1. The conditions are (1) within 8 Å of RNA strand B (Cβ to nearest atom); (2) in the same structural domain as A:E228 (by TED's automatic domain parsing), and A:R115 fails exactly one of them. Which is it?
2. More than 21 Å from the chain's Cα centre (by Cα), within 15 Å of RNA strand B (Cβ to nearest atom) and assigned by TED's automatic domain parsing to the domain that holds A:F202, is that true of A:L102?
3. Taking segment A:334-348 on its own, how many of its residues are of a type in the set (A, V, I, L, M) and either assigned to a loop (DSSP other than H, G, I, E, B) or crowded, with 21+ Cβ neighbours inside 10 Å (or both)?
4. Please go through segment A:298-317 and pick out each residue that is surrounded by 14 or more Cβ atoms within 10 Å (Cβ to Cβ) and not small (G, A, S).
5. Given the condition over 30 Å from A:I262 (Cα atoms) and among the β-branched types (V, I, T), answer yes or no: does some residue in segment A:327-345 qualify?
6. Do we have A:S351 as in contact (Cβ under 8 Å) with a residue 24 or more places away in the chain, surrounded by fewer than 15 Cβ atoms within 10 Å (Cβ to Cβ) and not in a helix (DSSP H, G or I) here?
7. From (1) crowded, with 21+ Cβ neighbours inside 10 Å; (2) within 23 Å of A:V361 (Cβ to Cβ), pick out the condition that doesn't hold for A:P331.
8. Check every one of the strands (runs of 3 or more DSSP E) wholly within segment A:112-229 and list those with 1 or more residues that are among the acidic types (D, E), over 29 Å from A:N381 (Cβ atoms) and open to solvent by less than 60 Å² (accessible area, probe 1.4 Å).
Amino acid sequence: MRILIGEVKNHIDSEVEIAGWAQNIRAMSSVLFIEMRDVSGTVQGVLPKKGNESLFNELRTVPRETIISMTGQAVKSQAKIGYEIQIRELKIINMAEAPLPLGVVDKIESDIETRLENRFLDLRRPEILSIFKIQSTISNSIRNYFVEKGFIEIHSPKIVAAATEGGTELFPVKYFERNAYLSQSPQLYKEIMMSAGFDKVFEIAPAFRAEEHNTPRHINEFTSIDMEMSFVDDEVVMDVLENAIKTAYRSVAETNSRELEILKVSRPDLNYKFRRITYSEYVKMANDKGIELKDGDDLSTPVLKTVGGEINEFYFITRWPRDLKPFYVQPYDDKYSRGFDLQFGELEITSGAQRVHSPQVLLDNLKAKGLNPDSFAFYVNAFRYGMPPHAGWAIGLERLTMVLLNISNIRETTLFPRDRTRVTP
RNA sequence: GCCCCGAUAGUGUAGUGGCCUAUCAUCCGAGUCUGUCGAGCUCGGGACACGGGUUCAAAUCCCGUUCGGGGCGCCA
């Protein structure tokens, strides 16, 4: 029975069967080594020429990355990891072509473009695999966190009719005889679930943005971790967000020490309270650095880089001007709102808010933003017949992974990124 | 969408008008080597993004196209 390569060390001095990719075959004059790899690690098999001449000669010309299974005694040896497998039986299961379009164990680094073109090969590299093992821990631990706190997991529609909520561009899709769009966010649906009385909901699902941006931190399809809670304000959901991220970091530190080592990333440590900086304080901080910025201006990328670049930790920017936030964000006073962003340094990770719950305020806001309330009837109706006060946020899974692993391009933390020019693979 | 930069073997690169039938590494192939682990050694293989132009001569200069990188904008 096949075992994972990572388990071979528990079977020293007994016979094991492994299967995987032959990532390197080194033939000496009288002995041959096959470096085998699977999802759990690597180990080498040894085959002496004496007594195995035909297999020996066949193997020395087998291309790298061929799928092979082998059975043999696991023994302590002078191999770097301290043990190896003495091959008794070996099967060549599926031959790889040569040369590879992208070397898996080459000493040469390839461009991200070449790597994405051949992503299945790129993903075979332990450091790339490690990114996604860690991403799996992050999304699972946040899901568990929500479930433990009594949240209900929902699945909102990704094909939607609303032309826009204002702001971002949508991807149009043909929906039989009508036009529809890919959902940019579950925002309106998770709010409707508050009216439906679900109290606390979350969703981990794709979101689509048709913006023609071309930056290392934007993609057109990403995984959004969304939550919404009833009868709470913005301060409470900021606490929940801080705890969710700390929980995810703790899980990664506990379960992915090998992956963190492969990626040469130190164990994450979040032993600090996330600072809550108001938007107006942030503007003053920018002014103190000599940046010309008025209270009410949006925080541009250069501003975030100058001010946020020096804050090498998580922090909130709270009480944004109402003019800079969407119609569904609850006002704080005439000028400011209960909208917040969570930042790490210069990078926005999350945006959230206490939401409007009064149907009249909602209608006023829609009109003030130049939107047609009729287009949002399905949404506004949910506010008319008993909508509790509520608040929530959405966090980008890929961006959170970037921050945790100190990776600068979001394409690295996305399996098959969809950017301005890439729809395949 | 704007600004700047780039495109040379499967991969990553050198190359600033003639020294280029193009460098090096990796890779692939053949051989060699009593245990390698970035194996070593010998020999061989493989490339100037596309289209036009300038010139006696273009990988090299100019124009356009396509694709990519960096920055910005846009962005729930």
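The values are calculated or read from the model by the stated rules, or taken from the named source; none is laboratory data. Only a predicted model underlies this, so the values are computations on that prediction, with no experimental measurement involved. Neighbour counts are summed over all protein chains in view; Cβ atoms, including those assigned to glycine, are modelled from backbone coordinates with ideal geometry. Calculation scope for accessible area: heavy atoms of the full protein, side chains included, ligands and nucleic acids excluded. Shrake-Rupley method; radii C 1.70, N 1.55, O 1.52, S 1.80 Å.
1. Failing condition for A:R115: (2).
2. Working: more than 21 Å from the chain's Cα centre (by Cα): yes; within 15 Å of RNA strand B (Cβ to nearest atom): yes; assigned by TED's automatic domain parsing to the domain that holds A:F202: no.
Spelling it out, it is not the case that A:L102 is more than 21 Å from the chain's Cα centre (by Cα), within 15 Å of RNA strand B (Cβ to nearest atom) and assigned by TED's automatic domain parsing to the domain that holds A:F202.
3. Applying the first criterion (of a type in the set (A, V, I, L, M)) to segment A:334-348 yields A:342, A:347.
Remaining after also requiring either assigned to a loop (DSSP other than H, G, I, E, B) or crowded, with 21+ Cβ neighbours inside 10 Å (or both): A:342.
Qualifying residue count for the region: 1.
4. A:L299, A:V303, A:L304, A:T306, A:V307, A:I311, A:F314, A:Y315, A:F316, A:I317
5. Going residue by residue through segment A:327-345, those that are over 30 Å from A:I262 (Cα atoms) are A:327-341.
Keeping just the survivors that are among the β-branched types (V, I, T) gives A:329.
Within segment A:327-345, one or more residues are over 30 Å from A:I262 (Cα atoms) and among the β-branched types (V, I, T).
6. Details: in contact (Cβ under 8 Å) with a residue 24 or more places away in the chain: yes; surrounded by fewer than 15 Cβ atoms within 10 Å (Cβ to Cβ): no; not in a helix (DSSP H, G or I): yes.
Against the criterion (in contact (Cβ under 8 Å) with a residue 24 or more places away in the chain, surrounded by fewer than 15 Cβ atoms within 10 Å (Cβ to Cβ) and not in a helix (DSSP H, G or I)), A:S351 does not qualify.
7. Result: A:P331 fails condition (1) only.
8. Numbers: elements: A:172-175, A:178-182, A:200-208.
Ranges flagged: none.
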